[in-house]
Amino acid sequence: MIGQAPLPQFILGACLFLSGGPPAVGQEPLSAAAVAPAYRIRPPEVAVPQDVPLGQYRRITTPFENWTLVCDENLKARQMVCNVSQVIEDHAGALVFSWSLAATQEGKPFMILRTAPRADGQISLAFQGRRQPVEVDIDGCNQTVCVGMVPVGPILREQIGKEAQASISYSAASGARITVTASLKGLAKALATIN
C-alpha cells in the first residue's frame with residue numbers, strides 16, 4: 001500500500017511514542033537503588049526483650065470500662081508482668097494525662113502518673129469528699145512525657161473501691177493549669193482479673 005509504513009517500523013514507532021520516546025541526554029532512568037521503596041513492613045508494636053527468643057513472648061490486652069489491662073508474658077521463663085492503664089488525650093490525639101497501676105518487684109502496688117511534656121511541680125489528684133488532694137511530685141520529663149509515682153495507700157485503695165471520679169491537675173511550664181476528670185470505674189475489675 002502506498003503511503004503506509006511497513007508494519008515493523010510502525011510498531012517500533014508506536015512503542016517509542018507510548019514509552020515517552022528515548023531519554024534525553026542527562027535524563028537516564030534512575031537505578032533501582034536510587035528509588036526509595038514506597039512501602040515498608042510495620043515492625044511489631046511489642047518490643048521483645050533481647051534474652052527472649054522470638055515466638056516466646058506475648059502481650060495480652062484486655063479492655064475494661066475506662067481501663068486497659070496489658071499483660072506481657074515470657075513463655076520461656078513462665079513469667080507474666082501486668083499493668084492497668086488509662087489514657088486521656090486531646091482531640092488531636094496528644095497525651096494530656098495517663099496513669100497506670102503497676103507493682104514493684106516485691107509486689108507493692110503504685111501508680112505511675114504521666115503528663116504532657118513540660119509540666120511543672122506536682123500533679124494534684126482531688127477526690128470528692130476529701131478536703132486535701134493527693135499531691136504527687138513530678139520526678140522528671142523528656143521530650144514526650146513527664147512522670148511521677150505514688151504508692152497505692154489507703155486513700156487510693158478507698159477511691160478505687162468506690163470507683164470514684166478524680167479531678168487531676170498540673171501546671172504546664174507556660175503557666176497554664178491543665179485539669180482533666182478521670183474515672184476509676186473498671187479498675188477494680190481489671191485488678192481482680194490478674195489475681
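Computed from the coordinates by the stated procedures, all read-outs in this text should not be read as laboratory data. Remember, predicted model here, so these are calculated numbers, not experimental data. Ideal geometry is used to build each Cβ from the backbone, glycine not excepted, and the neighbour counts take in all protein chains shown.
Between ASP51 and ILE194, how high is the FRET efficiency from 1/(1 + (r/R0)^6) when r is the Cβ-Cβ distance and R₀ = 25 Å? Nearest 0.05. The pair ASP51/ILE194 has a calculated efficiency of 0.55. In straight-distance terms, cross-link reach from LYS162 covers every one of the lysines whose alpha-carbon lies under 25 Å from its own, apart from those fewer than eight places away in the same chain; here that gives LYS108, LYS185, LYS189.
Residue by residue, region 44-52 carries 3J(HN,Hα) couplings of x, 6, 9, 7, 7, x, 4, 8, 10 Hz when phi is fed to the Karplus relation 6.51 cos²θ - 1.76 cosθ + 1.60 (θ = phi - 60°); x denotes Gly or Pro. Taking only Cα atoms of region 52-195, what ratio of Rg to Rh do you get with Rh as the Kirkwood inverse-distance radius? A ratio of 0.99.
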